Amino acid sequence: MSRVVIIGGSGHVGTYLVPRLVEAGFEVVNISRGAREPYQPHAAWKAVRTATLDRDAEEKAGTFGRNICDLKPDIVIDMICFRLDSAKHLVEALRGQVQHFLSCGTIWVHGPSVEVPASESQPRRPFGEYGTQKAAIEAFLLDEARRNGFPATIAHPGHIVGPGWAPLNPAGHFNPDVFSILARGEELALPNFGMETVHHVHADDVAQMFIRAIFNWSASVGEAFHTVSPAAISLRGYAEAVAGWFGREPKLVFLPWPEWKARQSEEEAQATWEHISRSPNSSIEKARRLLGYEPRYTSLEAVYESVTWLIEKGIVETFSPVS
């Protein structure tokens, strides 16, 4: 039985990935900083061993990679690497010790697209700390794979959604009140003409990508793959679809960016800018061709499942409060 060590396996993707690994016959060790439960219960977790490691503290001490190696993994999946030095530390410890190393990146490695949908081969133009670091990690891992034989594969998810957390909404930020506004048929302001794009992916489809990469080792090593739904959606189209779920005609107004920004909280305006300034729109043809990746969810189907959960929890209100 092959042993998979997954770093950060209790998060959004791990909630679905860990059960998939167990059901596929792998021995799974989940590395977690705390005792957080997965977002969705599953009987497979009873078969999972959990090891508690504080990555930041252990990297400072120079022991994190050695401790991962001491678990004797055949496969390592790193869900939570955000800095190039972290990637280098782990690779040095695992060189020659693992059959496969899979890293979770982001479609933000692209920055603004030139041709859409963007392919993995397009030149990288990342900006901001997160996208820049993830692009540097990607470049390092692919170089290690192609020059030195380190068996690395990278999955680049879009905006991950699923039950248990609020999805990126049609205004480009994460305040679930936007869904309540659309559900009640109230007016919603969008920036510009609402034609910027976002590209979601259900957490289970990200899990699918990792599984397919593992079982298609020769095609996946030394490669990066967009991990998104079949198509991006515009903010306007997204808002119209959500309103339609509740039998509403959307009441949308469009404001120039400075005017729209002035009406938002600083946090929400910044989140929207981060998303629409990139307007991701990514192709999955490479993953389809090489790995057989086929998302179960469209962007809207994935969001619908998340919004249903928000309604069940009373976070999204579909009826106007009684005055």
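Segment 272-296 and segment 93-123 have Cα centres separated by 11 Å.
Grab the Cα-Cα distance for Phe127 and Ser277, subtract it from 0.36 nm times how many residues apart they are, and report the gain in nm with one decimal.
Here the answer is 53.0 nm.
Once the Cα atoms are used to define both axes, helix 129-148 deviates from the longest principal axis of the chain by about 30 degrees. Average accessible surface for the chain: 44 Å² per residue, computed with a 1.4 Å probe over protein heavy atoms with every protein chain in place. Each pair of Cα atoms in segment 195-264 enters the Kirkwood radius, and Stokes-Einstein at 37 °C and 0.692 mPa s then converts it into a translational diffusion coefficient of 214 µm²/s. Scanning residues 5 or more positions from Ile31 or on other chains, those with amide H under 5 Å from its amide H are Ile6, Ile7, Gly8, Gly9, Ala51, with H placed 1.01 Å from N in the peptide plane.
Cα axis of helix 14-23 to longest principal axis of the chain: angle in degrees, 0 to 90, nearest 10? Once rounded, one gets 50 degrees.
Would you tally the net charge around Leu291, using a Cβ to Cβ cut-off of less than 14 Å, leaving Leu291 out, and scoring K and R as +1, D and E as -1?
Details: positive: Arg212, Lys286, Arg288, Arg289; negative: Glu120, Asp205, Glu223, Glu285, Glu294.
Once all neighbours under 14 Å are counted, the net charge is -1.
Put simply, the amide H of Glu223, placed in the peptide plane, has neighbours under 5 Å in Ile154, leaving out anything fewer than 5 places away on its chain.
With angles folded into 0 to 90 degrees, how steeply does helix 235-245 sit against the dominant principal axis of the chain? Use alpha carbons for both and round to 10. For helix 235-245, the angle is close to 80 degrees.
Relative contact order for the chain: what percent, with Cα pairs under 8 Å and sequence separation of 6 or more?
19 percent
Counting heavy atoms of the protein chains alone, His275 has an accessible area of about 10 Å² for a 1.4 Å probe.
Place a point 7 Å from the Cα of Phe319 along the Cα-to-Cβ direction; which residues of segment 164-208 have their backbone N under 20 Å from it? From segment 164-208, the list is 177-187. Accessible surface of the chain, 1.4 Å probe: 52 percent of it comes from carbon and sulfur atoms.
The values are calculated or read from the model by the stated rules, or taken from the named source; none is laboratory data. Quantities reported herein were computed from a predicted structural model and do not represent experimental measurements. Neighbour counts are summed over all protein chains in view; Cβ atoms, including those assigned to glycine, are modelled from backbone coordinates with ideal geometry. With ligands, DNA and RNA removed, areas are computed over all heavy atoms of the protein, side chains included. Shrake-Rupley method; radii C 1.70, N 1.55, O 1.52, S 1.80 Å.
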